[in-house]
Amino acid sequence: MAKQSKSKAKRKTSAWYQRHANDPHVQRAQREGKRSRAAFKLTEILNKYQLLRKKDAVVVDLGCAPGSWSEELAQRTNENGLVIAVDLLEMEPVSNVVFIRGDFTEAETLAAMDAVLNGRAVNMVVSDIAPEMSGHKLVDQARCMGLNDEALSYAVNHLREGGHLLLKSFMGEGFDAFKQEMRGWFATLRVIKPAASRKASSEIFLLGTEFRR
Ligand SMILES: C[S@@+](CC[C@H](N)C(=O)[O-])C[C@H]1O[C@@H](n2cnc3c(N)ncnc32)[C@H](O)[C@@H]1O
């Protein structure tokens with residue numbers, strides 16, 4: 001692949017910042033004190049499909065930093081519920097959320113998460129995970145699909161019967177096959193493009209409800 005010239009890369013960067021600053025969802029997030037505009041994607045989906053209505057749910061938030069999903073999840077659970085959040089990066093603490101720093105695909109991190117779960121089955125797994133992008137489309141798409149696979153495996157191993165999985169995916173090579181694989185584990189599978197997701201982005205959410213083995 002041809003290398004981008006420095007000046008082109010710079011122009012692209014400033015265009016990104018400009019788009020970001022003018023984005024109404026970014027402005028709303030700033031007004032409402034959210035850590036990220038991503039919060040609105042989660043709330044739209046949870047509200048529309050009436051998920052996490054019981055406050056004693058056990059929820060796992062994969063790829064949680066900077067924490068806007070974790071904040072929303074904490075508001076939907078009480079002291080009988082549990083939110084476990086995991087990320088490669090550090091996250092500012094969120095009240096009533098147990099944060100674990102690590103790679104959720106690694107045994108050590110999984111063991112730490114299991115220790116917090118202490119045998120409880122999970123009501124819902126959410127994953128907003130995005131890998132670090134290399135800029136090489138095919139490589140990035142393959143990484144995304146690999147992480148989707150890992151998130152699905154985590155859900156299959158930890159969800160209770162009737163539980164749900166919400167996962168960010170990316171349209172492209174491997175998406176249809178992954179969607180089919182995920183469909184096999186849930187009574188219903190929905191493909192969702194929330195209003196706060198940029199139209200130009202290939203990001204798309206998959207919601208599997210009513211997990212069944
Ligand atoms: C789009 S951000 C998540 C935003 C978050 N949902 C929020 O609302 O603030 C994606 C996150 O996935 C994390 N991530 C990527 N690969 C991961 C992995 N293997 N294990 C844990 N976290 C990972 C990244 O570090 C990044 O913080």
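The values are calculated or read from the model by the stated rules, or taken from the named source; none is laboratory data. Everything quoted here is computed from the prediction, not taken from an experiment. FYI the Cβ positions are ideal-geometry reconstructions off the backbone, even for glycines, and counts take in every protein chain you see.
Observations, loosely collected:
- Test: residue in segment 154-169 that is within 11 Å of the ligand (Cβ to nearest atom), exposed (fewer than 15 other Cβ atoms within 10 Å of the Cβ), within 16 Å of the chain's Cα centre (by Cα) and under 17 Å from L206 (Cβ atoms): no
- The sole residue among E92, E132, E44, E79 that is in the same structural domain as F186 (by TED's automatic domain parsing) and near the ligand (Cβ under 8 Å from one of its atoms) is E132.
- Test: residue in segment 190-198 that is aliphatic (A, V, I, L, M), assigned to a loop (DSSP other than H, G, I, E, B) and under 15 Å from the mean Cα position of the chain (by Cα): yes
- In the set E161, E150, only one residue is assigned to a strand (DSSP E or B), in contact with a Phe, Trp or Tyr (Cβ under 9 Å, 6 or more places away or on another chain) and over 22 Å from E44 (Cβ atoms); that residue is E161.
- For segment 203-213, filtering for residues that are over 12 Å from L166 (Cα atoms) and surrounded by 15 or more Cβ atoms within 10 Å (Cβ to Cβ) leaves 1.
- Of all residues in segment 116-129, those satisfying the criterion of being in contact (Cβ under 8 Å) with a residue 40 or more places away in the chain and more than 10 Å from the ligand (Cβ to nearest atom) are L117, R120, A121, V122, N123, M124, V125.
- Residues located in segment 185-202, provided they are touching a residue at least 40 places away in the same chain (Cβ under 8 Å) and either within 16 Å of the ligand (Cβ to nearest atom) or loosely packed, with under 13 Cβ neighbours inside 10 Å (or both): I192, P194, A195, A196, S197, R198
Quick grid of which residues meet (1) modelled with pLDDT under 95; (2) touching a strand residue (DSSP E or B) at 6+ places or on another chain (Cβ under 8 Å):
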{"site": "V98", "(1), (2)": "no, yes"}
{"site": "D103", "(1), (2)": "no, no"}
{"site": "L110", "(1), (2)": "no, no"}
{"site": "D128", "(1), (2)": "no, yes"}
{"site": "H136", "(1), (2)": "yes, no"}
{"site": "A151", "(1), (2)": "no, yes"}
{"site": "L159", "(1), (2)": "no, yes"}
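Here's the yes/no breakdown for (1) more than 16 Å from the ligand (Cβ to nearest atom); (2) more than 16 Å from the chain's Cα centre (by Cα):
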residue	(1), (2)
A142	no, yes
E150	no, no
E173	yes, yes
R183	yes, yes
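- When residues of segment 98-115 are limited to those that are surrounded by fewer than 14 Cβ atoms within 10 Å (Cβ to Cβ) and aliphatic (A, V, I, L, M), the one nearest to the ligand (Cβ to nearest atom): A107
- Taken over segment 103-120, the criterion of being in a loop (DSSP other than H, G, I, E, B), more than 23 Å from D149 (Cβ to Cβ) and not basic (K, R) is satisfied by N118, G119.
- Pair list, Cβ under 8 Å, 6 or more apart: segment 55-73 residue modelled with pLDDT of 95 or more, other residue near the ligand (Cβ under 6 Å from one of its atoms) and polar (S, T, N, Q): P66/S36; G67/S36; S68/S36
- Residue in segment 58-74 that is surrounded by fewer than 16 Cβ atoms within 10 Å (Cβ to Cβ) and more than 12 Å from the ligand (Cβ to nearest atom) present: no
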